[in-house]
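One structure below.
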Amino acid sequence: MMPSTHDWINNPLGVVEGMFAASQNNPNSGWEAKVVEFFKEQLKESDARTGVPSLNDVPLHYLKPNSLVKFRCLIQDMFDPEFYMGVYDTVDPSTKAKVLHCGKYKDVTECGVDFNSRNTVTAERQTFYCVPIPGENPWVKESYAGSSQARVVPSTSYAPTRQKRSYEEDDDMDTQPQKQREPHTGPQSPTEQQGNGDCKRQEKEAPSSQTASASHLDLNFPLPGEKGPSCLVKVYEDWDSFKLNDTLEVYGILSVSPALSALADEKDASSFLLDPTECMETAEEQRVHSPPASLVPRLHMLYARPLPHNNPLLPFATLEDNGAFVSSTLSEMASVRAELLTYFTHVLLGDALAAEYLILHLISNVYSRRDVLPLGKFTLNLSGCPTVASYTERFYQIIQQLVPSSYYLGMSLQNMNQMRLVPKKDYVANRLVSGVLQLARNTSLFLDETQLEQGQLDTTGVSNITALGNLISWQKVYYDFNYHQMEFPCNINVLIVSEARSLLSSDCQIHLQSQVTPPHLEEYLSAIHMLPQASSQLNKFRIYLSVARLLDYSISDEVTKSVEDDFVDMRKDDPQSISAEDLHRMLVVARLLSLSLGQSSLSRDSWLRAKHIEMLRRSRMEQHKCVNGNEP
């Protein structure tokens, strides 16, 4: 008899133990694979998926221990494998009866283990330290939380000392739009805005009795000011298929047993007697690898789905499996693009050409690597940005409303000299200390160079600028392992806003030509910030940008020949007028133009359009150099 939905979500261990018990009569039943297959099959149905509570939007004390939960996360660190008792016997002290148990998907064994039993099987599992996707924007969190069908009640096994509201009250608070919850007294800096969306969550997640201990525990989030749960994910199968910085939706069995903290405390005193090698683990390492389960829950993975994106408005499955969604979206791509171009033209002070390049930048994506060269990246430097009325911060807040994940980095001297951008290995605690550049793929990194002021970069500042340069040029971050550096490929969209040309390299620079006269600038900028965008319109833009980034693309032999002929013609009169680098940029622009129109192959029209807008951009840059002679 198959378990009901209620049973396999509320009591997944019952399913596991049932299959384990049935396997005892048939040693070759492959019960472990059947367990994973059972949960995979159940989770194919969207109703079942939305019925599983999420660690991302349900406070921990509302989740039932040992129930099935999901977690949308990034693998921030990978710990050493650990051994556990996969199968073991227990002995009843009064009757001496033996019972065989399965230890899989659990942290703590039953009482009365028979250590001399021949049935004992020691198994191995891997532990990943996972954090919420860095820089995930409030609209994404609200949309995922709003689509959840999971109904949970406060756990009876967990009683915080403060008076708790009912779940319905919590739910009302969390489903209200962020703008209604938090009255704005004036424009906030993006970093403040990013953090405060989760204030309610923090208050619910850390009951007062634990706030002190939480403050002593560094949850190792890559971005400063982030909130949300971190989690130790225990992996039983195929752990070699996962990589650091992968983004996943993990479905697993929640373990928050208070016994874990008690075991960690006891381990201090008794570990040397039990196993002399245990004393090699430093106190610092033990603190990091065995944090209190009430602050860092354990999640025993049954199934994990790689996330090619974290846009909740797109279907759960891949685009290939959603023909109807793709065809209806593609049919609207050109009209949505026109609307978005109008909107961005308004945001960019009436500059339609800059708006066109901004769209191309936002849908760019590293689709392949040839030797060391990342293909498809399109770092944009938007120079000529006004420094008045917090224009760049308002501009970032508009980007934040459109992309699933982003981060605003003000490149002030203080930030460059003090922030840790590159992750670093801490050998004492045996963990990877995160840095700002440990980001998920397709994150939009907004570098605000208008924040730069005169002063001296120190050693940290120089290495941070170098790290940003490597990210832009090679889409790689070199993590600091003290005695050597280890390169990690990434796929991060970098937008640099600056007054003059950026001190960092870029794939494309365009100088903003404002159509707004200075006396009206502040008033205009205020109107941009308040520009009413209906949520349905915003959602169209959000879907458009994500789908354009995921489309396949190719160039036919016929168009390739036509492009080659064009290149030869352009160089005939003046070989200096266009270089191989210019041709490469034109091809990237042509690819992005095609994708922005929902076309998966390059047409002659798109190639001519790419040549045209590149010519306009280059002539504008030449004019700007002439007017502003000291511009590099």
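Take the range 462-516 and flag every residue that is at positive phi and in contact with a Cys (Cβ under 8 Å, 6 or more places away or on another chain).
Scanning the range 462-516 gives a single hit, Gln475.
Can you name every one of the strands (runs of 3 or more DSSP E) wholly within the range 342-398 that holds 1 or more residues which are in contact with a Cys (Cβ under 8 Å, 6 or more places away or on another chain) and buried (at least 19 other Cβ atoms within 10 Å of the Cβ)?
380-383
Can you find a residue in the range 525-538 that is within 29 Å of Leu597 (Cα to Cα), of a type in the set (Gly, Ala, Ser) and surrounded by 15 or more Cβ atoms within 10 Å (Cβ to Cβ)?
no
What are the pairs with Cβ atoms under 6 angstrom where one residue, in the range 50-73, is under 20 Å from Trp139 (Cβ atoms) and the other, located anywhere, is part of a loop (DSSP other than H, G, I, E, B) and small (Gly, Ala, Ser)? Sequence gap at least six, or different chains.
What qualifies is Thr50/Ser148.
Listed residues Thr127, Thr109; which is within 20 Å of Ala259 (Cα to Cα), in contact with a helix residue (DSSP H, G or I) (Cβ under 9 Å, 6 or more places away or on another chain) and polar (S, T, N, Q)?
So the residue among Thr127, Thr109 that is within 20 Å of Ala259 (Cα to Cα), in contact with a helix residue (DSSP H, G or I) (Cβ under 9 Å, 6 or more places away or on another chain) and polar (S, T, N, Q) is Thr127.
Right, Gln456: more than 30 Å from Thr282 (Cα to Cα), outside any helix (DSSP H, G or I) and not hydroxyl-bearing (Ser, Thr, Tyr) or not?
Answer is yes for this residue.
Please tell me if Arg337 is open to solvent by less than 40 Å² (accessible area, probe 1.4 Å) and modelled with pLDDT of 90 or more.
yes
May I ask you to list the residues in the range 215-233 that are open to solvent by less than 60 Å² (accessible area, probe 1.4 Å), under 20 Å from the mean Cα position of the chain (by Cα) and of a type outside the set (S, T, N, Q)?
Within the range 215-233, Leu219, Phe221, Pro222, Leu223, Gly225, Glu226, Lys227, Gly228, Pro229, Cys231, Leu232, Val233 meet the criteria.
Within the range 457-493, take every residue that is without any contact (Cβ under 8 Å) to a residue 40 or more places away in the chain and open to solvent by 60 Å² or more (accessible area, probe 1.4 Å) and give me the one that is nearest to Ser506 (Cα to Cα).
Thr466
Pairs only if they're at least six apart or on different chains, beta carbon under 6 angstrom, first in the range 583-607 and on the phi > 0 side of the Ramachandran plot, second assigned to a helix (DSSP H, G or I); list them, first residue then second.
If the second residue must be assigned to a helix (DSSP H, G or I), the pairs left are Gly598/Leu330; Gly598/Met333.
Given the range 14-125, what strands (runs of 3 or more DSSP E) lie entirely inside it while holding 1 or more residues that are surrounded by fewer than 16 Cβ atoms within 10 Å (Cβ to Cβ)?
Where strands (runs of 3 or more DSSP E) fall fully within the range 14-125 and carry at least 1 residues being surrounded by fewer than 16 Cβ atoms within 10 Å (Cβ to Cβ), they are 82-91, 98-102.
Restricting the search to the range 314-332, which residues are under 19 Å from Phe541 (Cα atoms) and either charged (D, E, K, R) or modelled with pLDDT of 95 or more (or both)?
Glu332
If I ask for residues that are touching a helix residue (DSSP H, G or I) at 6+ places or on another chain (Cβ under 8 Å), farther than 30 Å from Val326 by Cα and open to solvent by less than 60 Å² (accessible area, probe 1.4 Å), which ones from the range 563-580 would you list?
Correct list: Asp566, Phe567, Met570, Ser577, Ile578.
Taking the stated definitions as given, is Leu375 out of contact with any Pro (no Cβ under 7 Å at 6 or more places or on another chain) and within 25 Å of Phe242 (Cα to Cα)?
Against the criterion (out of contact with any Pro (no Cβ under 7 Å at 6 or more places or on another chain) and within 25 Å of Phe242 (Cα to Cα)), Leu375 qualifies.
Consider Gln286 against the criteria (1) assigned to a helix (DSSP H, G or I); (2) at pLDDT 90 or above; (3) not small (Gly, Ala, Ser): it satisfies all of them except one. Which criterion is unmet?
(2)
Of everything in the range 99-142, what is touching a Gly at 6+ places or on another chain (Cβ under 8 Å), of a type in the set (Val, Ile, Thr) and without any contact (Cβ under 8 Å) to a residue 60 or more places away in the chain? Give them in sequence order.
Thr109, Val121, Thr122
Go through the residues of the range 512-530 one by one and say whether even a single one is in a strand (DSSP E or B) and within 21 Å of Leu447 (Cα to Cα).
Among the residues of the range 512-530, not one is in a strand (DSSP E or B) and within 21 Å of Leu447 (Cα to Cα), which makes the answer no.
Looking only at the range 143-152, filter to residues that are in a helix (DSSP H, G or I) and touching a helix residue (DSSP H, G or I) at 6+ places or on another chain (Cβ under 7 Å); which one of those is surrounded by the most Cβ atoms within 10 Å (Cβ to Cβ)?
Among those that are in a helix (DSSP H, G or I) and touching a helix residue (DSSP H, G or I) at 6+ places or on another chain (Cβ under 7 Å), it is Ala145.
What are the residues in the range 543-553 that are open to solvent by 30 Å² or more (accessible area, probe 1.4 Å) and either assigned to a helix (DSSP H, G or I) or at pLDDT below 90 (or both), if any?
Those that are open to solvent by 30 Å² or more (accessible area, probe 1.4 Å) and either assigned to a helix (DSSP H, G or I) or at pLDDT below 90 (or both): Ile543, Leu550.
The values are calculated or read from the model by the stated rules, or taken from the named source; none is laboratory data. Computed from a predicted model, the values in this text were never measured in an experiment. Methodologically, a virtual Cβ is constructed for each residue, glycine included, from the backbone with ideal geometry; neighbour enumeration extends over all protein chains shown. Heads up: the accessible areas ignore ligands, DNA and RNA and are worked out on the full protein's heavy atoms, side chains in. Shrake-Rupley method; radii C 1.70, N 1.55, O 1.52, S 1.80 Å.
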